[in-house]
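The block underneath contains the structure these notes are about, expressed in structure tokens.
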Amino acid sequence: MTVDQDAIRHLSEVQVSIELETEDMTLNIGPQHPSTHGVLRLVARVDGERCYDVKPVIGYMHRGYEKLSEVRTYPQITALINRIDWVSGYANEIPFIVAAEKLMEVEVPERAQYIRLILTEMARISSHLIFMASYPLELGAATPLFFALRERERVLDLLEGVTGGRFHPNFNRIGGVKPNYGSGPTTRKTPQDLPAGFLAATGDAMDQVLGVCDEIETLVAGNEIILARTKGIGILPPEVAAAYGVSGPNLRASGVNFDLRKVENYLPYDHFDFDVVVGENGDCWDRWWVRLQEIREAAKIIRQAIDGIPPSGPLQAKVPKIIKVPKGETYVRAENPKGEMGYYLVSDGGTGPYRLKIRSASFSNLTILPWILEGALVPDIIAVMGSLDFVLGDVDR
Amino acid sequence: MTSNPSDIETTVHPMQDFADSVAEVVGGVAEILHDTVKVTLANDRWVSAHSVARDELDLVFFSWLSAIDWANEVEAGDALKDEVEERLELLSTVGDLTEGKRVTFSTTLDSGLPTVATLVDVYAGANWHEREAAEMFGIEFIGHPNPTKIYLPDGFIGNPLRKSYPLLSREVKPWPGTVDVEGMPEGPSTENPEA
């Protein structure tokens, strides 16, 4: 099933190269366009079917979390930062908590670290499944949505069972994790632990997720329209991606073998065997493909973690009842589903940060839009924008 | 996860060589803050240091840019415990895409009229980060191609992340959450003796 790319390109070239008196038009997309995943507005100068000078207008959802963090205590902040990238709320907590733990020099129990890692990878799966659902939909294929959302629901149910929250778990504590009240065996020594049967159910869910990956792959990779609309469209060279700070699957799709799970030590990823999935051409298709493979790799990591998790043990290190983080500063970054998420934490020894800089992945990933859409065809705006997989809560913070 | 404090005191930090080499190449002072290499630069070396870092040290990935307002008088949040020299500290972080090395560059700007040259010519991704820092801290980035507001509405007055800027929602209704930690002003302290 090959698509004659040259023929398609040729056709579009013919259409725009006809000498006509044309007048530039300003096209306004958004802020409430369904494919913008939130409230993003694009202003583009359109010459025929091609757009130039694309200007993203953001800030419709700016909630000022950096300022709010300065008047909140450390335990309160995790509730805020859940809402940055709400599609993978759980993963947002990790770098912040690790930064605070680093300054406090707290050693987190191994079992708690494994639980964090399992849930982070589950957040990755649910975030990527949303992409698997919405991206083909934006390109006109509705069917994958039902497959992807069905499995995402399964993963979210498991997350909810442990944390009590589907989107905003607020599960991490400085020094460990705190499972949902009342879950787990109710012996005196471990009053709260993982719900009974959670690990087995997660293992089963991973089988289902892997199954749906195959189904989605058949549906999408065999769809000639999607192939024609994504292959060779929105090509992002690696050096441009790096200069703009594009990270995560978008960067790896451009052929860069770089994954913070391999080079940073915020969670014990070095105990597991998994591959960094790298694309070849950096086009929309590769960005889709890399995310599909990352779901499979995440399932692989979760399965190993289920086998390797210490069967019992504390979930919380000993920390003072009132958390005060010693004076100091550090930057901790993590490989979130959307890319590099990090926190530059400055503490003055108080109960809240003096300054918390939030580096969110989607903000930097979105800065590439004016570059990548320069001279693109108008229908490709949707294809390219969707392939970058951003969430406006992660852009506006 | 966290390194043992006794290791830091007795042995050389594994990042020390890297920190020293960066400081030497870009011409700054390096320190290691909890596994974060921070290199302090003179204001006029801000752009040249970044361009050297990109070209000679292969730190091609632009991560973020922001600032810290070191102020003695604060309108929101807790004041610093010790008196500091009032200044804005401009920070940026760049990294490589092979071994995961990263450097946070720092320079000091005058709180009153902070100006610095733009990094857009070195790292294109600095564009939006500088627009954010400009509106949030009132920093002027000289040579910036599009010095407009990014998050805030046009015509917004003030720089919200300055410590002198009050958190307006708190002015209207004080946040009840502080009672957990500090105790009500007239009531007894609820501070836990364990803390």
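Within the group B:Asn127, B:Asn159, which residue is modelled with pLDDT of 85 or more and under 22 Å from A:Glu340 (Cβ atoms)?
Exactly one of B:Asn127, B:Asn159 is modelled with pLDDT of 85 or more and under 22 Å from A:Glu340 (Cβ atoms), namely B:Asn127.
Cβ-Cβ distances below 6 Å connect the following pairs, each with a first residue in segment A:14-31 that is surrounded by 11 or more Cβ atoms within 10 Å (Cβ to Cβ), a second residue that is modelled with pLDDT of 75 or more and among the small types (Gly, Ala, Ser), and a separation of six or more residues or different chains: A:Val16/A:Gly48; A:Thr22/A:Gly48; A:Leu27/A:Ala44. B:Val52 passes all but one of (1) buried (at least 21 other Cβ atoms within 10 Å of the Cβ); (2) of a type in the set (Val, Ile, Thr); (3) under 25 Å from A:Val256 (Cα atoms); (4) more than 14 Å from chain A (Cβ to nearest Cβ); which number fails? The one condition B:Val52 does not meet is (1). Taking each residue of segment A:341-359 that is more than 7 Å from chain B (Cβ to nearest Cβ) and looking for partners that are outside any strand (DSSP E or B) and aliphatic (A, V, I, L, M) with beta-carbon atoms closer than 6 Å, six or more apart or interchain, yields A:Met341/A:Ala361; A:Tyr343/A:Ala99; A:Leu345/A:Ala99; A:Ser347/A:Leu103; A:Ser347/A:Val325. Considering (1) touching a residue at least 12 places away in the same chain (Cβ under 8 Å); (2) surrounded by fewer than 17 Cβ atoms within 10 Å (Cβ to Cβ); (3) under 27 Å from A:Asn172 (Cβ atoms), the lone condition that A:Pro311 does not fulfil carries the number (1).
All of (1) in contact (Cβ under 8 Å) with a residue 40 or more places away in the chain; (2) within 14 Å of chain A (Cβ to nearest Cβ); (3) out of contact with any Leu (no Cβ under 7 Å at 6 or more places or on another chain) hold for B:Ile32 with one exception: (1). Flag: B:Thr98 matches the condition of being among the polar types (S, T, N, Q) and more than 12 Å from the chain's Cα centre (by Cα).
What about A:Val87, is it of a type outside the set (S, T, N, Q) and within 27 Å of A:Pro311 (Cα to Cα)?
For A:Val87, the condition - of a type outside the set (S, T, N, Q) and within 27 Å of A:Pro311 (Cα to Cα) - is not met.
Okay, residues lined up against (1) among the polar types (S, T, N, Q); (2) in contact with a helix residue (DSSP H, G or I) (Cβ under 9 Å, 6 or more places away or on another chain); (3) closer than 19 Å to B:Val122 by Cα; (4) part of a loop (DSSP other than H, G, I, E, B):
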residue	(1), (2), (3), (4)
B:Glu31	no, yes, no, no
B:Arg45	no, yes, yes, no
B:Ala49	no, yes, yes, no
B:Asp58	no, no, yes, yes
B:Phe62	no, yes, yes, no
B:Leu90	no, yes, yes, no
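Restricted to helices (runs of 4 or more DSSP H) entirely inside segment A:232-301, those with at least 3 residues that are over 26 Å from A:Ala221 (Cβ atoms) are A:238-244, A:260-263.
Of the residues in segment A:327-345, not one is part of a helix (DSSP H, G or I) and at pLDDT 85 or above. The residues listed here are A:Arg111, A:Arg45; of these, the one that is part of a helix (DSSP H, G or I), farther than 24 Å from B:Asp78 by Cβ and not polar (S, T, N, Q) is A:Arg111.
Listed conditions (1) in contact with a Gly (Cβ under 8 Å, 6 or more places away or on another chain); (2) loosely packed, with under 15 Cβ neighbours inside 10 Å; (3) among the β-branched types (Val, Ile, Thr) are all met by B:Val29, apart from (1).
Any residue at all in segment B:70-79 that is surrounded by fewer than 18 Cβ atoms within 10 Å (Cβ to Cβ), closer than 20 Å to A:Ser347 by Cα, within 11 Å of another protein chain (Cβ to nearest Cβ) and out of contact with any Lys or Arg (no Cβ under 9 Å at 6 or more places or on another chain)? Yes: one or more hits.
Restricted to segment A:217-264, and to residues there that are buried (at least 17 other Cβ atoms within 10 Å of the Cβ) and polar (S, T, N, Q), the residue that is nearest to the other protein chains (Cβ to nearest Cβ) is A:Ser247. For segment A:360-397, taking the residues that are charged (D, E, K, R) and assigned to a loop (DSSP other than H, G, I, E, B), the one that is farthest from the other protein chains (Cβ to nearest Cβ) is identified as A:Asp389.
Number of residues in segment B:120-147 that are more than 9 Å from chain A (Cβ to nearest Cβ), over 23 Å from A:Arg355 (Cα atoms) and among the aliphatic types (A, V, I, L, M): the value is 2.
Figure legend. Inter-residue proximity from segment B:80-102: first residues under 23 Å from B:Ala53 (Cβ atoms) and at the interface with another protein chain (Cβ under 8 Å from one of its Cβ atoms), second residues surrounded by fewer than 17 Cβ atoms within 10 Å (Cβ to Cβ) and among the acidic types (Asp, Glu), beta-carbon distance below 8 Å, spacing 6+ or different chains. Indicated pairs: B:Thr98/B:Asp58.
The values are calculated or read from the model by the stated rules, or taken from the named source; none is laboratory data. From a predicted model like this one, the values you see are computed outputs, not experimental measurements. All Cβ positions, even for glycine, are placed from backbone atoms using ideal geometry, and neighbour counts span all protein chains on display.
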